1. Taking the stretch 220-233 as the region of interest, how many residues are part of a loop (DSSP other than H, G, I, E, B), without any contact (Cβ under 8 Å) to a residue 60 or more places away in the chain and in contact with a strand residue (DSSP E or B) (Cβ under 6 Å, 6 or more places away or on another chain)?
2. Does GLY206 qualify as being of a type outside the set (Phe, Trp, Tyr) and either in contact (Cβ under 8 Å) with a residue 60 or more places away in the chain or over 25 Å from LEU324 (Cα atoms) (or both)?
3. Taking only the stretch 193-209 into account, find how many residues are assigned to a loop (DSSP other than H, G, I, E, B) and in contact with a helix residue (DSSP H, G or I) (Cβ under 8 Å, 6 or more places away or on another chain).
4. Does PHE81 meet the test of being surrounded by 18 or more Cβ atoms within 10 Å (Cβ to Cβ), at pLDDT below 50 and not charged (D, E, K, R)?
5. Looking at (1) closer than 25 Å to LEU172 by Cβ; (2) surrounded by fewer than 22 Cβ atoms within 10 Å (Cβ to Cβ); (3) of a type in the set (Ser, Thr, Tyr), which one does SER252 not meet, given that it meets all the others?
Amino acid sequence: MPDDAQQPADTPKRPRTARSPRRTSRKQTVDETPPATPEQEAASPVPNKAGSTTPQPPPATEGSAQLAPNETSIGERWGEFPPEERQAELRKRMEAWEQETDHGDRLGPFDGVGLNAAEVFWLATLVVTTHYYGGVAPGDLRFRYNELPPPSGLPVGPDTRTFWLSLNLSNLHLEGASFYGVNLEGVQLTGAQLQGAHLSRARLSGAHLTKAQLQEADLYYGQLQDAVVGNACLTGAWLEDALLTGAILSGSDLQGANLMGAKLQHAWLSGAKMQAARLNMAHLEDADLTDAQLYSASLWSVNLQEAKLVRAQLQEADLSGTRLQGADLRKARMDRNTRLDGIKLDTKPDLLTSTGMGFSLSR
């Protein structure tokens with residue numbers, strides 16, 4: 001095999017995408033805090049034996065199906081709410097979308113609209129209140145500890161994180177929305193509709209996007225370190241140069257996705273569907289690709305050192321110039337159309353043996 005592999009002639013060009021509009025700061029109204037009521041004093045933190053404070057739930061009142069008042073602050077982060085005038089704008093867009101019979105080429109109610117984390121949180125809260133609590137206004141809920149009664153059949157733990165991870169936000173429509181460079185670290189958007197969303201350079205480290213719909217989404221240079229994106233749909237998504245170190249993508253659909261130059265060290269891709277995906281020059285050191293489906297995938301000059309490729313399907317894949325030192329290739333499947341020009345192994349060539357179904361590469 002030649003020492004140097006020739007780079008493929010066809011290099012896909014990233015489509016131009018609209019950036020989110022420049023935001024202008026809005027004046028925030030600060031209301032004077034009224035004196036605490038006896039009920040509020042009873043709900044205030046109580047010191048424990050160790051000297052720390054433990055949040056206490058509000059006392060039960062007679063016939064109380066009413067929830068505690070909301071104390072969510074105004075801001076731009078996940079867990080905060082946007083100003084009231086912005087809430088009205090978002091609600092108006094949603095209502096207009098629902099009333100329209102012809103949406104034209106728009107993907108969703110916020111196609112081309114710039115959103116921040118607080119606005120996404122408010123929209124997610126609106127979905128929760130509509131589909132789990134019968135239309136209670138988002139401002140009437142408090143997402144703090146155990147103060148929110150669990151919807152029927154949903155396990156709710158001792159914090160807001162467990163609550164949000166238990167929800168299915170498939171009714172949260174963010175198709176085509178713009179999150180360029182937005183801080184979305186730690187958001188919990190299980191099942192959210194993000195088809196065609198513009199997430200270039202968005203900060204999504206630690207985000208939970210399990211089962212999210214991200215078809216054709218633009219995640220160029222997205223920061224998804226340690227993000228949970230398992231069983232998500234990312235067909236045709238643009239993830240060039242994305243940071244996915246330690247991310248969980250097990251079972252996700254990445255068919256036709258562009259992952260050229262992506263950083264996927266220590267990532268979990270077991271069982272991922274990656275047919276015809278482009279991973280040229282990507283970093284997959286110590287990644288888990290067990291049972292990954294890589295038919296016709298382009299893996300030119302990929303670094304797969306110490307990667308786990310047990311039972312990986314590599315028929316018709318291009319592995320030219322790939323670094324495979326220390327990789328676990330037990331029962332990996334190849335065929336006569338798999339390109340192996342210039343691959344770098346720490347095993348002898350005679351371990352490449354022919355089988356009735358093609359080629360099997362073992363250590």
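1. So the count comes out to 2.
2. yes
3. 0
4. no
5. (2)
The values are calculated or read from the model by the stated rules, or taken from the named source; none is laboratory data. Every value quoted in this text rests on a predicted model; they were computed, and no experiment measured them. A quick note on method: Cβ atoms are made from the backbone with ideal geometry, for glycine too, and the neighbour counts reach across all protein chains shown.
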